[in-house]
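The values are calculated or read from the model by the stated rules, or taken from the named source; none is laboratory data. Bear in mind that the values here come from a model prediction, so they are computed numbers and not experimental data. As a convention, Cβ positions derive from the backbone with ideal geometry for all residues, glycine included, and neighbour counts pool all protein chains shown. For accessibility, only protein heavy atoms count, side chains too; no ligands or nucleic acids. Shrake-Rupley method; radii C 1.70, N 1.55, O 1.52, S 1.80 Å.
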Amino acid sequence: MQLDTPGRALGMVERPMPIPEGRDLLIEIGACGVCRTDLHVVDGDIHGHLPIVPGHEIVGRVAALGPEAKGFALGGRIGVPWLGQTCGRCRYCRSDQENLCDDPVFTGFSRDGGFASHVVADARFCLPIPDAFDDAHAAPLLCAGLIGYRSLGMAGDGTEIGLYGFGAAAHIVAQVAIWQGRTVYAFTREGDEAGQKLARALGCAWAGASGKTPPTELDAAIIFAPVGALVPTALRAVRKGGRVVCAGIHMSDIPGFPYVDLWEERSIRSVANLTREDGAAFLDIAARIPVRTHVTVLPLGDANTALDRLRAGEVDGAIVLCP
């Protein structure tokens, strides 16, 4: 399913089967999650190479190896995340910050992704998938889970955590935070009773609309919804010294707010991409908990329907496409 023009529907195309070269692998796809970043790509909120096949929460099996590919065998199950390659030379790559690489390659954005039957990926940036998960339930872990995990780390060690936008990422990271012994408060769209019900079922202590005041001050808030207006809202909900972490790749403009909302050493920071170390650490933890991903499975040809449902906020958990 290929994007030719931002703002237009994806179209089904057929291409010759690629032959992997160098360190690349050819992967037969079993499942690919539909992420909000895919929606930002399709809607033109972020701009990259076109035409492009979106999708970066990929689970599949190795069908062929390039001559320099290592670490995986034919038939091995494998995951392909958003970060598809880095330059290895810039100051960030040389200082263990490859997520900030100056010349990165992103799966489904600058290199074709997983809304397809097969994909080519750099073996060095792929991840083994734990046996605890089948393909469909593993797929959302490859971005929603990874970004949520990195965001939780940036939120610090506080025990009272607020999650704004209870979708694919939040429903995963809530389980990690609760497993760590934290108390989680879930914020949803006004009237999203299904999302609030899911949050409570997963163990969140409180769930309500984003405009509501939580029953206690938060040590940190993580914003997954791409809504800039939630930043000052979250600032008012965190304690002195509290943190607001913006976890998305794109967000609407943050409106002006009084300095008093930021004062007393509150802070705002963003999360960008992920590292391979994040991936290995998170998948290990996810298997040990084990994380339960809530997925709706659709056929690959229904990719536009999946994007429409995500755009309308009509998804509980995550949507996964299967060829």
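Beta carbons closer than 7 Å, at least 6 apart along the sequence or on distinct chains, pair a first residue in the stretch 40-55 that is touching a residue at least 60 places away in the same chain (Cβ under 8 Å) with a second that is in a loop (DSSP other than H, G, I, E, B) and acidic (Asp, Glu) for ILE52/ASP112; VAL53/ASP112. The residues of the stretch 176-189 that are under 14 Å from ILE222 (Cα atoms) and either in a helix (DSSP H, G or I) or in contact (Cβ under 8 Å) with a residue 60 or more places away in the chain (or both), listed by number, are VAL176, ALA177. Does the stretch 84-123 hold any residues that are touching a Phe, Trp or Tyr at 6+ places or on another chain (Cβ under 8 Å), part of a loop (DSSP other than H, G, I, E, B) and small (Gly, Ala, Ser), and which are they? Across the stretch 84-123, the qualifying residue is only GLY108.
When you scan the stretch 77-87, do you find a residue that is more than 22 Å from ALA136 (Cβ to Cβ), of a type outside the set (A, V, I, L, M, F, W, C) and surrounded by fewer than 21 Cβ atoms within 10 Å (Cβ to Cβ), even just one? Scanning the stretch 77-87 turns up at least one residue that is more than 22 Å from ALA136 (Cβ to Cβ), of a type outside the set (A, V, I, L, M, F, W, C) and surrounded by fewer than 21 Cβ atoms within 10 Å (Cβ to Cβ). A search for C-beta distances below 9 Å between a residue of the stretch 103-124 that is farther than 17 Å from ALA139 by Cβ and among the hydroxyl-bearing types (Ser, Thr, Tyr) and any residue that is open to solvent by 30 Å² or more (accessible area, probe 1.4 Å) and assigned to a loop (DSSP other than H, G, I, E, B), counting only pairs 6+ apart in sequence or on different chains, returns SER110/GLY48; SER110/HIS49; SER110/PRO104.
Could you check the stretch 253-285 and list, in sequence order, the residues that are farther than 19 Å from VAL227 by Cβ and in a helix (DSSP H, G or I)? Listed by number, the residues that qualify are TYR259, VAL260, ARG276, GLU277, ASP278, GLY279, ALA280, ALA281, PHE282, LEU283, ASP284, ILE285. The listed residues are LEU100, LEU65, and the only one of them that is open to solvent by 50 Å² or more (accessible area, probe 1.4 Å) and touching an Asp or Glu at 6+ places or on another chain (Cβ under 9 Å) turns out to be LEU65.
Condition first: within 30 Å of PRO130 (Cα to Cα) and open to solvent by 30 Å² or more (accessible area, probe 1.4 Å). Can you find one or more residues in the stretch 253-268 that meet it?
no
Within the stretch 240-252, the set of residues being loosely packed, with under 15 Cβ neighbours inside 10 Å, assigned to a loop (DSSP other than H, G, I, E, B) and not hydroxyl-bearing (Ser, Thr, Tyr) comprises HIS250 only.
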